[in-house]
Amino acid sequence: MVHLMDVRRSWKFLVAGFLFSCLILGGGFFYFRSPVVLVSDAAFDALYGIRRTWEKRILLSLRFFRQVKIVLAAENTGADMLVFAIEEAHGAPYCVLFPYRYFEAAGRYAAQFSRIPVALFGGRAQEAPEEGNFLFIPTDIQQDFYLAGRCAAVFAESGGKILFFQENSMPAAIREAFMKGLREQGFEGEPLFLSAGAAYSGSEQPACVVMLGSAVPFLEQHPDLPVILFSWINPNLTARGVKIIFDDSPWAMAARTVSMIARGAEARPLRSDILFFQRRMPERGFLQKITDAIGTNMQ
């Protein structure tokens, strides 16, 4: 006669054995799948944050159930040596992702390993290289600036000037996208576009600062002004005045790019990841206004 206790014990052993087998098989499947390779360097990791890089790597691995390997390019590494380093990391990766500064290595790797998908991130200011068998993924700067305009208008809804610090003269189409975002969010004033490092001597109190270029001297004099920042920097290293960050770093673009490769889709511009900080918002309900503004795509 079989005792009930023995049946329960046997059932527990069977379930435990099944779960253990699934874990072993799943781990083996994960380990032996071809990995995603992302090219980076120490300077970027220092700016972006080591822990933040680790978190992004884990999330990307879990999402696609693949290892994500980082190939760190040493300073002054030539294109051929970088291609060799990628080959050493894995002979047949699922895909390889390159920041724009390594476009020459991206072209050489794509030519040498034509069956492996290669993506090159273009950022906000770069044009596609004339040659290269890779997906060129630029930042959708018109969408970014449109959404930045909507966010800036939220900060200025009670009045005040919007200042936009830029490193170079903004192309007309990009400025129009920013203005469209302002107008659709109800801002009727005229923003002031300033060169990086310029001083503001106007009489109207600024309501918001948009930073595509450096404005350190100005911000030191006005530390409490809301700032919309275009940057890859670790948010934990930014001042409390930084409320929103538009991040178009390789890690911000990686998941959507791998999805694009998995679907066999054509390359297209991708908008930045938009980071905003609830604890830095000026009042209750403000966060909802910002999320509503960001949730609207430019038509």
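The values are calculated or read from the model by the stated rules, or taken from the named source; none is laboratory data. These numbers were taken from a predicted model, which means no experiment stands behind them. Cβ atoms come from the backbone with ideal geometry, glycine included; neighbour counts cover every protein chain shown. Each accessible area value is taken on the protein alone, full model and side chains, heavy atoms only, with ligands, DNA and RNA left out. Shrake-Rupley method; radii C 1.70, N 1.55, O 1.52, S 1.80 Å.
Across every direction, the projection of the convex hull enclosing the Cα atoms of the stretch 52-109 has a mean area of 4.3 nm².
Determine the relative contact order of the stretch 184-299: mean sequence separation of Cα pairs under 8 Å and six or more apart, normalised by residue count, in whole percent. Value for the stretch 184-299: 18 percent. Short-range pairs are left out: with C-alpha atoms under 8 Å and at least six residues apart, the relative contact order of the stretch 78-166 is 22 percent.
The charge dipole of the chain, taken about the Cα centre with unit charges on the Cβ atoms of Lys, Arg (+1) and Asp, Glu (-1), comes to about 1460 debye, rounded to the nearest 20. R0 = 35 Å: FRET efficiency of Ser169 with Ala46, Cβ-based, nearest 0.05? It comes out at approximately 0.70.
Remark: the chain carries 55 Å² of accessible area per residue (probe radius 1.4 Å; ligands, DNA and RNA excluded). Using R0 = 41 Å, the C-beta based FRET efficiency linking Gln126 and Glu55 works out to 0.95.
Between Arg63 and Glu190, the contour length at 0.36 nm per residue exceeds the alpha carbon distance by 41.4 nm.
Each label was represented as a point 7 Å from its Cα along the Cα-to-Cβ direction; for Ala89 and Ala255 these points are 2.0 nm apart. For the chain, a Gaussian network of Cα nodes joined below 10 Å ranks Pro191, Pro93, Pro282 by mean-square fluctuation, and the top entry is Pro282. When Rg and Dmax are taken over the Cα atoms of the stretch 134-212, they come to 13.2, 51 Å. Annotation: Cα Rg of the stretch 21-145 relative to the compact-globule expectation 2.2 N^0.38 Å equals 1.12.
With a 1.4 Å probe and all protein chains kept in place, how much accessible area does Tyr100 have, in Å² rounded to the nearest 10? Counting only protein heavy atoms, Tyr100 exposes about 50 Å² to solvent. Model label sites at Ala111 and Asn236, defined 7 Å from Cα along the beta-carbon direction, differ in position by 4.2 nm. Carbon-plus-sulfur accessible fraction, the chain (probe radius 1.4 Å, protein heavy atoms only): 55%. Ranking Pro99, Gly160, Met170 by how far each Cα lies toward the positive end of the dipole of the stretch 92-175 (charges on Cβ) leaves Gly160 at the top.
Computed over the Cα atoms of the stretch 147-299, pair by distinct pair, the Kirkwood hydrodynamic radius stands at 16.3 angstrom. Straight-distance candidates among the aspartates and glutamates for linking to Lys180, with alpha-carbon spacing under 13 Å and chain neighbours fewer than 8 residues away dropped: Asp144, Glu188, Glu190. For Phe164, the solvent-accessible surface computed with a 1.4 Å probe is close to 0 Å², ligands and nucleic acids excluded.
Here the stretch 212-285 yields Rg over Rh of 1.10, to two decimals, using C-alpha coordinates and the Kirkwood radius.
Only beta bridges with both residues in the chain are counted; by DSSP, about 10 percent of them are antiparallel. Separation between the Asp273 and His222 pseudo-spin-labels, each 7 Å from Cα along Cα→Cβ, expressed in nm? About 3.0 nm, to one decimal.
Across the options Ala267, Thr238, Leu225, the greatest Cα extent toward the positive end of the charge dipole of the stretch 218-293 (unit charges at beta carbon of Lys, Arg, Asp, Glu) belongs to Ala267.
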